[in-house]
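The values are calculated or read from the model by the stated rules, or taken from the named source; none is laboratory data. Everything numeric here is computed off the predicted structure, so don't read it as measured data. All Cβ positions, glycine included, derive from the backbone under ideal geometry; neighbour counts span all protein chains shown.
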Amino acid sequence: MSVVPLTPTSEEERKEMKKSTASSSSSYFLCGGNVERLVRERCRSEKHLPMKDALHLFDKLTAAKHPKPDVSTYNILFTSVTRKKNPTTTSSSNFFPTIFSLLNKLNRSGTTPDTITYAIFIDFCGRFNNVHLAFAVFACMLRRGWSPTIIILNSLLRGLCVKKSYTAAAQLLDKMPQLGFVPNVVSYNIVIKGHCESGNTDLAIDVLRKMDAEPDVFTYSTVINARCRQGNMSSASELFEEMVSMGIQPNVVTYNSIIRGHLVLGRWKEASGIFKEMVDRGLTPDVVTFSTLMDYLCKQGKTIEAHKLLNLMVERGEKPDQIMYTVLLHGYCLEGRFGKVDELLSSMSLEGLRHDVRSYNALIDGYSKSQKVDEAMDVFKKMRQEGVQPDTFTYNILLDGLCKIGRVEEAEDLFQLVTQGLSPDIITYTTLINGLCKIGKVEEAEDLFRQTQGLSLILSLIPL
């Protein structure tokens, strides 16, 4: 009995098998159903598809037949690829043109984009500060006979606010009924948030009063936060009481705004009272809550009390983040408790927290203000060795520390490092110029002064 070989025994057989496999694979991807399943699975498993992968999948979709892929699958692909957080910070400078080339190819492929397709592209443009392109897509959609939806109009509102065109956003909100749409709570919240961001809290409250939809916790939290940032705590309290009386329960964000507002004004008693009320209502303080309270205590020279809050947070099952440790590091440094600093650094290592520019700056600033400039320079060297890039603030701290103890030549050397990779600011120049003047290097100070050529710098040097 002869045995049939399971593997090809000749070069010709191997080539034939390779052709057969390629043909089989090609047939698989020509089936629309198979390609659609592939696209949906990839988009489900990955939050954001890289552009290269999206282009590859798009080509497979347009080539697939029997049956032809549905536009809903294309929409899933578009949604995934447009989730990119910020295309302007990536190496893909052609991100927008590439995305829109897919829309053009879709039209040419014979598959008609639907309202959802246009909604995806309009939202994408608006989120990334290209509202003019968003309106161009909107106009194209109307020309092709598609009617807008409330979601699309809200995306346009959001795009106008991202562009800081708050007046235009308010005008669009007013015109929505003429387009056949009653603004919903999301529509109002977008415009209210825009007014608050522009500092027009009174206008935001006017919109709140005229709403044709029921406000929600986001609506009130937005205007309460704006009032707190303005230091108008009486108005914030009135809005808070109004919110509660309407049966809208405040959340952690609402309470965090009020706590921060009181602390900015130095009202620890009121802030701690709000904190207690928040806990009594059954709300769990978050990292922002604890960080806000700790930051205030550290600035008041009460870092030990702030540390107790961090311990309380750990007891409640919350995990402190790097910002909280940075606040404590800075507080202990300013109080000269460098033993505590070492303990904190060990705790951070055990928690697996890596230092970033903020935590290094906190250490450098603390050491410098405690006249421990050598230690600050050691931290600076370690920072660079670990690949953390110093920022202008880092250099300004060190320049100030060196100049104050007369080590101006070292400060000059450090200044050269600043100019190699960063843009020195007014504080950088002012610090070094003052240091040079104090040791009699007036000509060098004048040369440095001429480099600035800025009126704002001249004004900053005039004693008031």
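Quick notes on this structure:
- Options 223, 207, 253, 244: the member that is over 24 Å from the mean Cα position of the chain (by Cα), closer than 19 Å to residue 271 by Cα and modelled with pLDDT of 95 or more: 244
- Residue list for the range 207-238, filter: more than 15 Å from residue 193 (Cβ to Cβ), free of Cβ contacts under 8 Å to residues at least 24 places away in the same chain and assigned to a helix (DSSP H, G or I): 209, 234, 235, 237, 238
- Qualifying residue in the range 266-286 (condition: part of a helix (DSSP H, G or I) and under 30 Å from residue 394 (Cβ atoms)): no
- Lone unmet requirement of (1) touching a Phe, Trp or Tyr at 6+ places or on another chain (Cβ under 8 Å); (2) more than 23 Å from residue 265 (Cα to Cα); (3) in a helix (DSSP H, G or I) for residue 324: (2)
- Residues satisfying the stated conditions in the range 30-85, i.e. over 30 Å from residue 129 (Cβ atoms), without any contact (Cβ under 8 Å) to a residue 24 or more places away in the chain and within 29 Å of the chain's Cα centre (by Cα): 41
Per-residue answers, yes or no, for (1) touching a residue at least 60 places away in the same chain (Cβ under 8 Å); (2) buried (at least 23 other Cβ atoms within 10 Å of the Cβ); (3) assigned to a helix (DSSP H, G or I); (4) hydrophobic (A, V, I, L, M, F, W, C):
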{"residue": "305", "(1), (2), (3), (4)": "no, no, yes, no"}
{"residue": "328", "(1), (2), (3), (4)": "no, yes, yes, yes"}
{"residue": "343", "(1), (2), (3), (4)": "no, no, yes, no"}
{"residue": "348", "(1), (2), (3), (4)": "no, no, yes, yes"}
{"residue": "377", "(1), (2), (3), (4)": "no, no, yes, yes"}
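- Answer residue from the range 240-283, given it is in contact (Cβ under 8 Å) with a residue 24 or more places away in the chain and among the aromatic types (Phe, Trp, Tyr) and is farthest from residue 224 (Cα to Cα) among those: 268
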